[in-house]
Structures are given as C-alpha cells and as structure tokens.
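Here the structure comes first, spelled out in structure tokens, and everything after it is commentary.
Each value in this text was obtained by applying a stated rule to the coordinates, not by laboratory testing. Remember, predicted model here, so these are calculated numbers, not experimental data. Reconstructed Cβ throughout: ideal geometry from the backbone, glycine too, with neighbour counts over all protein chains shown.
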Amino acid sequence: DHLLVIAAVALWASRHAPAYRGRVSGLFLATLLGGTVLAATLGTSLNLESMVLSSVVLAGGLLLAGKRFGLMAALPLIAVFGGLHGYVHGQELAGHPAAFVAGMLLATAAIQGSVFALSHTLRTYWVKSAGAATALSGLLALIGG
C-alpha cells in the first residue's frame, strides 16, 4: 500500500506542470518525515491501516481525475497521505532510527523520480488505468482486511 500511494502521487504530479512535481514531491516527503517523527515522539501505537488503505483508494482517484483535480485541492490530501504513511512507519522504528528514516526518504524520492521519468512515456489511458488499479487495490484490501 505504501508503494502504491508513493507511485500514484508521483504519477498524478507528473501529469501537471514541472513546477508542481517538486512541490508535490517535497510536500509528500516532508509530511512523510513529519508523520514518522510524530509517531516516534508520541510513542503511541495507533491502528491506522484502514486510513492508510483509504489513502490508496483516494490516490487512485486522483489519477482517475487527472488534471481536473487541481493542485490546491490535492495538496491537503497529499499531505495527509504522507503523514499517515509516515506515522505508520514511525511506529515501527527500532535499532537505528536515523538510518531507517534516511533510507525511507531516499527510497521514496527514488521511487518518485523513477515514476517522473517513466511518466513521459505513458499515455493518459495508462495513467487512468493505473489510477483504477490503485483504487481497486485499496478497496479490495479494505474489504478483505
């Protein structure tokens, strides 16, 4: 579910002007970090799996909506996505938290960069298909779990 949200958000951002990519990517990374730090600081274990899976469904919806869903409307959603996923990861911190967080942020940025690079070759049809598949994956996980 984490990979699906990262890829869906990056793919959605890639369909917009290049300046949006950096904003969306930076926002997702910042809120991912913020959620991780918040969970590690609070030490509270919350069961957020249904919310995380709902974010997968909504991220798929962003892809389906495409450019019709504007940046200003999407930014709060993307911030929540990053924060939720970061919080879940922050609850799992052990041994070397700084290395874990650095690796998580680098891996997320690498996935985003790969999606940005790949997105140039994808037609709108495939982007919307990816959105439908992402949303369906989240729905099935919600129903099954």
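Structure summary
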quantity	calculated
Rounded to the nearest 20 debye, dipole of the chain from Cβ charges on Lys, Arg, Asp, Glu	660
Options (1) 8, 9, 9, 8, 8, 7, 7, 6, 6, 5, 5, 4, 4, 3, 3, 2, 2, 1, 1, 0; (2) 12, 47, 34, 6, 0; (3) 13, 43, 33, 10, 1 - which one matches P(r) over Cα pairs in 10 Å bins from 0, in percent as calculated here	(3)
Within the chain, helix-based [θ] at 222 nm, where runs of 4 or more DSSP H residues each add -39,500 (n - 2.57), nearest 500	-28000 deg cm²/dmol
At R0 = 30 Å, FRET efficiency that the Cβ-Cβ distance of residue 71 and residue 132 yields, to 0.05	0.85
Mean-position separation - Cα centroids, region 93-115 and region 24-85, in angstrom	16
Zone of residue 47's modelled label, taken as backbone nitrogen in region 119-145 under 15 Å from a point 7 Å along Cα→Cβ	142-145
Region 98-145 shape via C-alpha gyration tensor axes, a/c threshold 1.5	oblate
